[in-house]
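Notes for the one structure printed next.
The values are calculated or read from the model by the stated rules, or taken from the named source; none is laboratory data. Not measured: the values here are computed from a predicted model. All Cβ positions, even for glycine, are placed from backbone atoms using ideal geometry, and neighbour counts span all protein chains on display.
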Amino acid sequence: MKKMMSLLIGLLLTASIFSQTTEAEDDLRAKLKATDSGWKTGGVVNVNFSQAAFSSNWPSGGTNSMTLTSLVNIFANYSDGANVWDNTLELGYGFSKIDTEDLVKSDDKIDLTSKYGRQAFSHWYYAALFNFKSQMTPTEVEGITTSEFLNPGTVLFAIGMDYKPSDRLTAFISPVTYRAVITKDDTDGDLGGYMRVVYKQPLMENVKFETKAEAFSNYDENPQNLYITWDNLLAMKVNQYISANVTFSLINQPGMKVVYKEVLGIGLTYVF
């Protein structure tokens, strides 16, 4: 757990260092483009497909397989200098099929975040954040439904401070957070502390990196044991519609082993 905390702290410090080098540039850009205040909207839709087929006498052997993954990421952000309101919606869905086996769902997520901030001083904002996570379709294992929409679902309300020196970095820290896990039979709510860091960095032309880390500490039950999620995206644009993406996600929950997911995909992308 100490390693996980060190990782999150290191991520925040690294992002802060990078942001300092571009702070003056971003401030100048903001002054020159003051007319850009107001709503900014956009998003990206990405679909990746891979397939492999082998004849029965292929010398090296092999297993027929098919995989499809999709991602929708849209945003609507408002700013007038003193007020900032950021809204993002991430939808992910994917499945795979190996040989004659049934389709298996490999990804299914809904992640909605809305954050409002009122400038306090410099790049710091008094802020409130709402987050909702769930999945779209039922998950079945050996004919038994193990999860479905809102079973479980997670709702989080947080009040705190947001450090936002530029559009590339935001670090939200809340000592007052309510987190509720919704299931079909019950709703379990906890009071705790929460941190959310999002950092975006262009690495070179047509190559961008984005990382998002979240941590929640339950004040009532072993606050040193953190609920941690960490999502990373490396996006490489080939042309207007073709792209390659690498995603890596990690989840750590108290009492459970750390789990992770890595996906490499080449497919179609539409940006709007």
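Cβ separations smaller than 6 Å between residues 6+ apart or across chains give the following pairs from segment 220-233 residues that are closer than 25 Å to TYR199 by Cβ and of a type in the set (A, V, I, L, M, F, W, C) to residues that are at pLDDT below 85 and outside any strand (DSSP E or B): ILE228/MET4. Does any residue of segment 213-225 turn out to be at positive phi and in contact with a strand residue (DSSP E or B) (Cβ under 7 Å, 6 or more places away or on another chain)? Looking through segment 213-225, none of the residues is at positive phi and in contact with a strand residue (DSSP E or B) (Cβ under 7 Å, 6 or more places away or on another chain).
Provide a single number: the residues in segment 248-272 that are part of a strand (DSSP E or B), touching a residue at least 24 places away in the same chain (Cβ under 8 Å) and either of a type in the set (A, V, I, L, M, F, W, C) or closer than 19 Å to MET204 by Cβ (or both). Show your work before the answer.
From segment 248-272, those part of a strand (DSSP E or B) are 248-252, 259-271; that's our starting set.
Now narrow it down to the ones that are touching a residue at least 24 places away in the same chain (Cβ under 8 Å): 252, 261, 263, 265-271.
Filter once more, keeping what is either of a type in the set (A, V, I, L, M, F, W, C) or closer than 19 Å to MET204 by Cβ (or both): 263, 266, 268-269, 271.
Number of matching residues: 5.
Collect the residues in segment 69-91 that are over 17 Å from the mean Cα position of the chain (by Cα), among the aliphatic types (A, V, I, L, M) and assigned to a strand (DSSP E or B), keeping them in residue-number order. Can you show your working first?
The first filter runs over segment 69-91 and keeps only residues over 17 Å from the mean Cα position of the chain (by Cα), leaving 78-85.
Next, from what is left, pick out any that are among the aliphatic types (A, V, I, L, M): 82, 84.
Residue satisfying the conditions is VAL84 alone.
Could you tell me which of the residues GLN135, GLN119 is under 21 Å from ARG179 (Cβ atoms), under 26 Å from the mean Cα position of the chain (by Cα) and not hydrophobic (A, V, I, L, M, F, W, C)? Write out each step before concluding.
Details: GLN119 fails: under 21 Å from ARG179 (Cβ atoms).
Of GLN135, GLN119, the one residue that is under 21 Å from ARG179 (Cβ atoms), under 26 Å from the mean Cα position of the chain (by Cα) and not hydrophobic (A, V, I, L, M, F, W, C) is GLN135.
The set of residues from segment 74-93 being out of contact with any helix residue (DSSP H, G or I) (no Cβ under 9 Å at 6 or more places or on another chain) and modelled with pLDDT under 90 comprises ASP80, ALA82.
Pick from segment 153-197 the residues that are touching a residue at least 60 places away in the same chain (Cβ under 8 Å) and assigned to a loop (DSSP other than H, G, I, E, B): which of them is surrounded by the fewest Cβ atoms within 10 Å (Cβ to Cβ)? The selected residue is ASP167.
Only residues that are in contact with a Lys or Arg (Cβ under 9 Å, 6 or more places away or on another chain) and either without any contact (Cβ under 8 Å) to a residue 60 or more places away in the chain or aromatic (Phe, Trp, Tyr) (or both): list them for segment 69-87, please.
To start, the set of residues in segment 69-87 that are in contact with a Lys or Arg (Cβ under 9 Å, 6 or more places away or on another chain) comprises 75-79, 82-87.
Those that are in contact with a Lys or Arg (Cβ under 9 Å, 6 or more places away or on another chain) and either without any contact (Cβ under 8 Å) to a residue 60 or more places away in the chain or aromatic (Phe, Trp, Tyr) (or both): PHE75, ALA76, ASN77, TYR78, SER79, ALA82, ASN83, TRP85, ASN87.
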